[in-house]
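Taken together, the values in this text are just the output of simple stated rules run on the coordinates, not laboratory data. Because the structure is predicted, anything quoted here is derived from the model rather than measured. Cβ placement follows ideal geometry from the backbone for every residue including glycine, while neighbour counts extend to all protein chains displayed.
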Ligand SMILES: [Fe+2]
């Protein structure tokens, strides 16, 4: 079935297409014709440009949007620091001092729900590399929230693009561009700077976030696969323009800036964009629509065939961040050890599980809402139980991963773990290796010497 069967009904309409140049107006005629900044924009709106790349970025990378809004963004009081010493994405401006680089394989039990906080205060930086002030690297977060954001609050991150992977619960996200409804098995990308407000119509939520401090996500190249396959461009959905009128209430604009939280007051809603056009916008994607490719002869291909979105480094083919999924699929390979092989990787691999059981870890330690990190050159692979099962399996065509969705944030960077990720969350499994791989027994038998 090329789409997920969601328990919650879709609430909104969308514009379809990845990286498309879209335009949307909530009132007919609100978009100026031709000119981006006419002397008098329609209906007394203000024109405001949001740049997601440098003005002079090459045409194929250039991302920007023109907004036509009731008041421009700049009309607010000064930003003041908030929760300066406790905010959980706050690495004291020196991430290298608070981030632990360790060669061990790590695995986490399911992260706790927290019904006492809203979206903004639900963000826990678990691991990362680089520095948002240098626009390098990435951060990996767990979120767990149980409260709507305040009715007059909006949030944005100046640090990077958020790729949100819900594991539990539904996010109803009001953005400057319109509304997005995100359910488990969907993902959502909110680009740097875009303001939004998260409410939780079905109660508590939990999930994962990859924050990309540099560049933007693109679809991976398809090479010999051809012009369709993996995540197809037409299945990405951007919001349609929707606005509210409020120029009298007090609003708080919360901002994550270099990992610190700030807040500024203003007396108008930030969700006042009546029309917009451009190619820099939030979007969502149903992972159930992924067209999974795999071997139909023998061997287990590299997991790069499961890449949904990628953000390349300056070296083509080497990603700062790949978002990779392991969807339900048929395994038909003949004379093949079908799970992933044992390996060591120059890339680091952070994995999570949205639902079900991941087919390379069947001994029970890798659970939905948990995670694992196999850092640069850390050996890993199927646990002993999976290895035994797969080595002896009857190699008939078999469906794996039914009802399951595991994913990976893969990066060419060495990933460090925060204090919260290593200690405060109290979820690190001390016996990951002992349980998974130390039970593996030698099977080597020296061939008998032929008699002369
Ligand atoms: Fe791996």
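For the reader, a short list of remarks on this structure follows.
- Mean Cβ count within 10 Å, highest first, over the residues of peptides 433-440, 226-233, 325-332, 37-44: 325-332, 433-440, 226-233, 37-44
- Computed over segment 52-160, relative contact order equals 19 percent, with contacts defined as Cα pairs under 8 Å that lie 6+ residues apart.
- Relative contact order (%) - criterion: Cα under 8 Å, at least six apart; region: the chain: 20 percent
- Under the criterion of Cα pairs below 8 Å and six or more residues apart, the relative contact order for segment 1-81 equals 20 percent.
- Three principal axis extents of segment 281-347 based on alpha-carbon atoms, in descending order, are 45, 29, 16 Å.
- The Rg/Rh ratio for segment 141-280, using Cα coordinates for both the radius of gyration and the Kirkwood hydrodynamic radius, is 0.99.
- Centre separation in Å (Cα based) which lies between segment 321-382 and segment 6-48: 40 Å
- Cα centroid of segment 406-450 to Cα centroid of segment 244-300, whole Å: 34 Å
- Antiparallel %, DSSP beta bridges [both residues in the chain], to 5: 95 percent
- Among 5-13, 349-357, the order from most to least packed when residues are scored by Cβ within 10 Å on average: 349-357, 5-13
- Relative to its Kirkwood radius, the Cα radius of gyration of the chain gives an Rg/Rh of 1.00.
- As a ratio to 2.2 N^0.38 Å, the alpha-carbon radius of gyration for segment 290-436 is 1.06.
- Working value for segment 1-64: equivalent-ellipsoid semi-axes of 30, 21, 9 Å, each the square root of 5 times a Cα gyration tensor eigenvalue, largest first.
- When each of the peptides 415-427, 382-394 is scored by the mean number of other C-beta atoms lying within 10 Å of its residues, the order from highest to lowest reads 415-427, 382-394.
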